[in-house]
Amino acid sequence: PPHFTLDPLLGEPEEDPELGLRCAHWPYGGELKFPVGVLDVPSRQEQRPLVLDLAGRQGHLALVGAPQSGKSTFLRTAMLSAMLTHTPDELQFYAIDMGGGALHGLADAPHVAGVAGRRDDERVRRVLAEVSRLVNARERMFRDLGIQSAAELRARRAAGDLPEGVRSADIVLAVDNWAALHEADEDAVSTLTEIATRGLGVGVHLWLTANRWAEIRVNLRDNIPARLELWLNDPSESEISRPSARALGQSVPGRGLTPPGLVHHIALPRLDDGTTGDPGSDGVSGL
């Protein structure tokens, strides 16, 4: 269909006395795995969930697509899906919205530490500085507590084997419209490159969106292992599969490619059936 919601992937949220509002239908809650859409696999004649795994190959993620192809919707969907399958003690977000302001609607969610926008340069700099400080603080904490890896941090967090007051949740910095951030703050390149280089080892992750792969400098792009595309204005610029990008063409918003060239479709950030109102916005405030 031209659009669908998270409902068939996550099911109805339920109130858990210890974990809060949670989609228990998803079997990997708390494991840093959550669905963001559907992946079409013609060779197997099946469709299966498109899953982000922050503890695996999708620790950092770059999403590239033409304007109005669904990049901001992807970030909202990914953040909401993560929130409905994790507590704020397990996963937290910072966001820099240099696009149309779609991420500001998530600012009051308990998992969101802060959202900065294009009209507040000082707040953008504070968010970048805060996440950079978190990486430094985590490295000191790992040394002081004898923690060897982010996986060990998660295991000790789950076992309750950390000092009281230690901020141990995995942290995601989501940047919508990388080119606009780079234009507004040239120092952002070095800051995000440092976060991408050192962050995965201490449970700090980076998501960013751009209109073209060429907008993301090579030294930053090389430190981002996971890549997704939505439809592109110029299919020859695809870094996943140029033949598949040409076949996809200028498709409906939310549809794109994942390696090695399979078609995916991103779900809308809502849990109803998506048949009423604006499919891109209704339901977010309620969630």
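The values are calculated or read from the model by the stated rules, or taken from the named source; none is laboratory data. None of the values given here were measured: they were computed from a predicted structure. Please note: Cβ atoms are built from the backbone with ideal geometry, for glycine as well, and neighbour counts cover all protein chains shown. For accessibility, only protein heavy atoms count, side chains too; no ligands or nucleic acids. Shrake-Rupley method; radii C 1.70, N 1.55, O 1.52, S 1.80 Å.
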Using only Cα atoms, what is the ratio of the radius of gyration of region 10-78 to 2.2 N^0.38 Å? 1.31
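DSSP loop GluC sites (Glu not before Pro) in region 1-66 with at most 12 other Cβ atoms within 10 Å of their Cβ, which ones? Intermediate values should be presented prior to the final figure.
Values: sites: GLU14, GLU15, GLU18, GLU31, GLU46; in loops: GLU18, GLU31.
Of the GluC sites (Glu not before Pro), the ones in loops of region 1-66 whose Cβ has at most 12 other Cβ atoms within 10 Å are GLU18.
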Mean accessible area per residue over region 134-174 (1.4 angstrom probe, all protein chains present, square angstrom) is 51
Return the equivalent ellipsoid semi-axes of region 206-255 as a descending list in whole Å, where each equals the square root of 5 times an eigenvalue of the C-alpha gyration tensor. 20, 11, 9
From the phi angles alone, apply the Karplus equation (6.51, -1.76, 1.60; θ = phi - 60°) to region 109-121 and give each ³J(HN,Hα) in whole Hz, x where the residue is Gly or Pro. 5, x, 7, 9, 7, x, 10, 10, x, 5, 8, 9, 4
For LEU50, which sequence-distant residues (separation of 5 or more, or a different chain) have an amide H within less than 5 Å of its own amide H, given hydrogens modelled in the peptide plane? VAL36, GLY37, VAL38, LEU39
Once the dipole of the chain is set up with Lys and Arg at +1 and Asp and Glu at -1 on Cβ about the Cα centre, which of THR87, GLY114, PRO225 lies farthest towards its positive end? PRO225
Most to least accessible of TYR28, TYR94 (protein chains only, probe 1.4 Å): TYR28, TYR94
Rg [Å, one decimal], Dmax [Å, integer] - region 115-267, C-alpha atoms: 18.1, 54
For region 90-129: accessible area per residue (Å², 1.4 Å): 45
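So how do LYS33, LYS71 rank on accessible area, 1.4 Å probe, biggest first, that is with the largest at the start?
Listed by decreasing accessible area, they come as LYS33, LYS71.
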Relative contact order (percent, whole number), region 55-195, Cα cutoff 8 Å, 6+ residue spacing: 30
Carbon and sulfur atoms: what percent of the 1.4 Å accessible area of the chain do they account for? 47
Scoring the chain by relative contact order with C-alpha pairs under 8 Å, at least six apart, yields a percentage of 27
Can you check what the Kirkwood hydrodynamic radius comes to for the chain, Cα pairs only, in Å to one decimal? 19.3
Residue-ordered couplings for region 185-201, obtained by feeding phi - 60° into the Karplus form 6.51 cos²θ - 1.76 cosθ + 1.60 and rounding to whole Hz (Gly and Pro as x), are 8, 5, 6, 4, 4, 5, 5, 5, 5, 5, 4, 5, 6, 9, x, 4, x
So how far apart, in nm, are the two label points at VAL218 and GLU122 if each is 7 Å from Cα heading toward Cβ? 3.9
List, largest first, the extents of the alpha carbons of region 157-217 along their principal axes, each in whole Å. 44, 19, 17
If you take the Cα atoms of region 34-108, find Rg, then find the Kirkwood Rh from the mean of 1/r over all pairs, what is Rg/Rh? 0.99
3J(HN,Hα) from dihedral phi, region 216-230, Karplus parametrisation 6.51/-1.76/1.60, rounded to Hz, x for glycine, proline: 9, 4, 4, 5, 7, 4, 5, 9, 10, x, 9, 9, 10, 10, 9
Give me the accessible area of THR191, 1.4 Å probe, in Å² rounded to the nearest 10. 30
